[in-house]
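J.: Below is one structure. I have some questions about it.
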Amino acid sequence: MKFGTKVIHAGVTPDPSTGAIMTPIFQTSTYVQESIGVHKGYAYGRSHNPTRSALETNLAALENGTDCICYASGLAAMDAILKLFKPGDEILSTNDVYGGSHRLLTKIYDVFGLKGSFVDMSEAASIEAMITDQTKLIWVETPTNPMLNIIDIKAVCEIAHKHGVLVCVDNTFSSPYLQTPLDLGADMVTHSATKYINGHSDVVHGCVITSNPELAKRLRFIQNAAGAIPGPMDCFLVLRGIKTLHLRVERSCQNAEKIAAFLVDHPAVSKVYYPGLAEHPNYDIAVSQMRAFGGMVSFDLHANSYESAEKILSNTHLFALAESLGGVESLIGHPASMTHASIPREDRLKVGLTDSLIRLSVGVEDVEDLIEDLAKALATIKPS
Ligand SMILES: *Cc1c(COP(=O)(O)O)cnc(C)c1O
């Protein structure tokens with residue numbers, strides 16, 4: 001089955017008791033048993049829920065995996081993954097990993113003896129020197145946030161597996177429509193389904209997908225034992241959002257490409273970060289592992305100041321000033337004061353994350369309107 005068919009049909013069958021074509025919201029905590037220990041595979045809501053099962057089957061199919069386990073948020077999914085490891089184990093992560101993932105590793109799990117180390121993975125070769133006997137997992141996120149660097153998933157997996165190390169890819173920024181890391185060798189894929197997968201900015205949700213039966217078994221055990229499950233209503237909403245994943249992401253990518261081209265030519269803009277630009281340092285890797293280049297675009301201004309960025313952020317009307325990404329509506333953000341405020345300024349500047357860097361999550365509106373909105377906002381600052 002191809003992707004556009006899978007999003008609609010995988011895991012979804014008409015309800016046998018009523019014929020309802022849409023998966024019902026099984027809003028129940030428990031299930032009546034025929035006699036002691038005799039039930040229909042559902043005994044208690046933390047362990048199993050039919051709405052959640054349908055979503056898990058669907059997501060496993062989208063990532064070309066055999067198993068999916070869903071959680072209450074993207075970070076709850078990461079939390080479950082980290083529970084696979086034990087004190088003394090080391091997790092090697094990309095240095096521009098999502099801030100919440102960095103916080104979970106360094107502020108929660110370090111107390112329990114897990115060591116997080118961080119390296120720039122846009123040069124896959126620099127990873128090997130960082131692997132020690134304790135390294136058990138490599139955590140990849142690509143494209144990265146907000147600099148939109150691309151990491152060569154296949155190359156990372158080859159290096160990791162040579163050393164017996166597992167690889168997990170946070171695929172939130174791409175969605176399975178654009179790239180399927182399990183096909184490139186990854187052992188696990190995780191998502192903040194809050195973003196593109198749900199796509200309508202009305203749910204917080206996470207998942208892990210794998211084809212490794214041992215990992216799947218342990219993750220299911222952790223899901224049931226630790227209990228960070230999503231509610232049935234949220235699973236229903238994510239399953240509904242997924243039905244248009246391919247259409248939404250395709251339109252976002254088309255819009256983002258046009259917006260990136262508009263920004264490249266704009267006199268007030270000094271630099272555009274978008275993996276679909278031929279001058280992007282990892283353009284070739286993006287072409288090889290992604291179907292299109294995503295809906296995220298970052299750019300910097302010649303007027304290199306917080307004030308000029310603020311002027312643009314307060315003068316767009318369609319692009320709403322907000323955290324998050326991947327919804328149908330376009331968002332604009334200021335990484336230095338929003339998502340990346342906890343990173344020291346010197347460290348931010350080293351990777352190009354300046355006070356004037358602006359990040360766009362391009363939605364599925366008509367691109368002419370989005371470009372006009374940006375043009376008007378950019379006209380409020382003087383080109384230098
Ligand atoms: C948002 C996000 C997360 C965290 O997901 P939540 O659903 O907010 O818990 C993890 N990774 C990336 C790349 C994200 O953008």
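J.: Please work out the FRET efficiency for the pair E368 and K86, using the Cβ-Cβ distance as r and a Förster radius of 51 Å; give the result to the nearest 0.05.
T.: So the FRET efficiency works out to roughly 0.40.
J.: Roughly what angle does helix 213-226 make with the longest principal axis of the chain, taking Cα atoms, 0 to 90 degrees, to the nearest 10?
T.: 90 degrees
J.: Students often check this: by mean Cβ neighbours within 10 Å, which of 118-131, 299-312 ranks highest, and how do the rest follow?
T.: The most tightly packed comes first, giving 299-312, 118-131.
J.: So what's the convex hull volume per residue for the Cα atoms of the chain, in Å³?
T.: 140 Å³
J.: Using the alpha-carbon centroid of each, what span in Å lies between region 248-319 and region 130-173?
T.: One Cα centre to the other: 24 Å.
J.: Right, another one. Kindly state, to the nearest 0.05, the FRET efficiency for K311 paired with S17, given R0 = 56 Å and r defined as their beta-carbon distance.
T.: 0.45
J.: So, with a 1.4 angstrom probe, what is the percent of accessible area on the chain that is carbon and sulfur?
T.: Of the solvent-accessible surface of the chain, carbon and sulfur hold 56 percent.
J.: Further question: Enumerate the amide H contacts of F118 below 5 Å, restricted to partners 5 or more residues apart or on another chain; note that Pro and chain-start residues carry no placed amide H.
T.: S93
J.: Let me ask another. Can you give me the accessible area per residue for the chain, using a 1.4 Å probe, in Å²?
T.: Using a 1.4 Å probe on heavy atoms only, each residue of the chain averages 43 Å².
J.: Something else: Can you work out the FRET efficiency for the pair L349 and S117, with r the C-beta to C-beta distance and R0 = 25 Å, to the nearest 0.05?
T.: My answer for the efficiency is 0.70.
J.: Using a 10 Å cut-off on Cβ atoms, rank the peptides 93-101, 258-266 from the highest mean neighbour count down.
T.: Highest-to-lowest ranking by the protection proxy: 93-101, 258-266.
J.: I want to check the label-to-label distance for A320 and I36. Put each point 7 Å from Cα in the C-beta direction and report it in nm to one decimal.
T.: Here the modelled spin labels are 5.4 nm apart.
J.: Which percent, to the nearest 5, of DSSP beta bridges fully inside region 3-242 are antiparallel?
T.: 40 percent
The values are calculated or read from the model by the stated rules, or taken from the named source; none is laboratory data. Remember, it's a predicted structure, so these values are computed and weren't measured experimentally. Heads up, the Cβs are rebuilt from the backbone with ideal geometry, glycines too, and the neighbour counts pull from every protein chain shown. Just the protein is used for accessible areas: all its heavy atoms, side chains included, with ligands, DNA and RNA removed. Shrake-Rupley method; radii C 1.70, N 1.55, O 1.52, S 1.80 Å.
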